[in-house]
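The values are calculated or read from the model by the stated rules, or taken from the named source; none is laboratory data. It should be emphasised that the depicted structure is a prediction, and the values quoted were computed from it without experimental measurement. Positions of Cβ are generated from backbone atoms using ideal geometry, with glycine treated the same way; all protein chains shown enter the neighbour counts.
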């Protein structure tokens, strides 16, 4: 027991040395009974001396203890290094799975995968000369050789060079490529195969016209074109009607037509165009009949029938006093309407504050000449406006038409002032009709504002001018145009005029 206590393992002695080094009291030694107390004191003294001897040789008191010398060089194998869960992985910081090898995890190179070839499978093994021969002779359906145009353009051909070799013009190249893409979209949306097969022969022109529609709209438009046997012009009108319908929110009768049905969209376009003609007139009646023919829902048909009944009732009362009333259309110009118009009229603009002088001096003729329809006026003028060639303004650009800009619409003779804010307007005047004839007509006149103020232009009713003894005006008002606006309200009814 004495040998185990005194010559115990180094760990016990070192712990005792640590306790002495930290100036801590060692645990009291075990004391035997009183009969052998002297022997116990001698044993304790020997243990203390032995601990002091071990402490002086302890490596804890040496600031630079000797390092053990390795007997052999350690070998570190690459396979012994394993990636841990907190190591950064090259693929987006995704931890490696236990089954992944280090070579697979640390692979940074990703091979390039080209997109699928647009060329049909039967043409992929052909060389450039064979593809050019197919396009030159137009071998096969148009939708099969149309992708060859895109492939050849990617190889370095240009539309002019491709036209020189194949004889297909640049316009036709674009039409074929776009139409084939439209046809592919019809297939992807699950369109009836019988409808798609209708465009297999000479259908590129028809599919090209519906390119601006969404995928669902294309499918509905294609079915409507096939069902009604539309040509290129009718297909173009249908696509424009479907594209333009959401922007016409707020127009009269807009909520009566269904946006999801191509027939209602086209019917609303004819319905809206009928309001651009005089009431009654043959053009207005013809437009309403077209609208009724293509309308799909009952609400749309009822809206068109109400307009038709109004026209017929108005034409029956041709001998009454109501038929003698001159109705001036009041329209709000739509955003983009001038750009979409197939024909326009260019008219000079006069300011109402300048009085009679500008109206008299404004050019009388302005027409397009040459193949490019270059606008030529009889003399220079500083302000012009371009309007769609509606029926009231048709022919005025070469027969004395002029527009007068009023900064405030409240100068016009409304029965009820429905415009609570100032709004600029353009009044289109026909200067070739100056005589004050109709009591219900509206004419442009110059009114003296006072001795110290210049004269100003004003629109007056024919009956008031006759009462004042005025027999001649500056011109007859044929149209009032309101500016474009995002939130479009309905145009004024005929009862709003005095």
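The single condition from (1) modelled with pLDDT of 90 or more; (2) not in a helix (DSSP H, G or I) that residue 280 fails is (1). Within the range 329-355, the set of residues being in a loop (DSSP other than H, G, I, E, B) and under 30 Å from the mean Cα position of the chain (by Cα) comprises 333, 334, 335, 336, 341, 342, 343. Is there a residue being farther than 18 Å from residue 204 by Cα, surrounded by 14 or more Cβ atoms within 10 Å (Cβ to Cβ) and modelled with pLDDT under 85 anywhere in the range 150-164? No: the range 150-164 contains no residue that is farther than 18 Å from residue 204 by Cα, surrounded by 14 or more Cβ atoms within 10 Å (Cβ to Cβ) and modelled with pLDDT under 85. The residues listed here are 423, 460; of these, the one that is more than 27 Å from residue 377 (Cβ to Cβ) and at pLDDT 85 or above is 460. Restricting the range 173-190 to residues that are buried (at least 20 other Cβ atoms within 10 Å of the Cβ) and more than 22 Å from the chain's Cα centre (by Cα), which is farthest from residue 161 (Cα to Cα)? Checked the range 173-190; the qualifying residue farthest from residue 161 (Cα to Cα) is 183. Scanning the range 288-313 for residues that are at pLDDT below 90 and in contact with a helix residue (DSSP H, G or I) (Cβ under 7 Å, 6 or more places away or on another chain), which turns out nearest to residue 328 (Cα to Cα)? Here the answer is 311. Of the helices (runs of 4 or more DSSP H) entirely within the range 145-207, none holds at least 3 residues that are in contact (Cβ under 8 Å) with a residue 40 or more places away in the chain.
Among the candidates 240, 247, the residue that is in a helix (DSSP H, G or I), in contact (Cβ under 8 Å) with a residue 60 or more places away in the chain and surrounded by 15 or more Cβ atoms within 10 Å (Cβ to Cβ) is uniquely 240. Hey, among the residues in the range 277-295 that are surrounded by 18 or more Cβ atoms within 10 Å (Cβ to Cβ) and touching a residue at least 60 places away in the same chain (Cβ under 8 Å), which one's farthest from residue 254 (Cα to Cα)? That would be 277. Here the range 352-387 is the region considered, the condition is being at pLDDT 90 or above and in contact with a helix residue (DSSP H, G or I) (Cβ under 7 Å, 6 or more places away or on another chain), and the residue that is surrounded by the fewest Cβ atoms within 10 Å (Cβ to Cβ) is 386.
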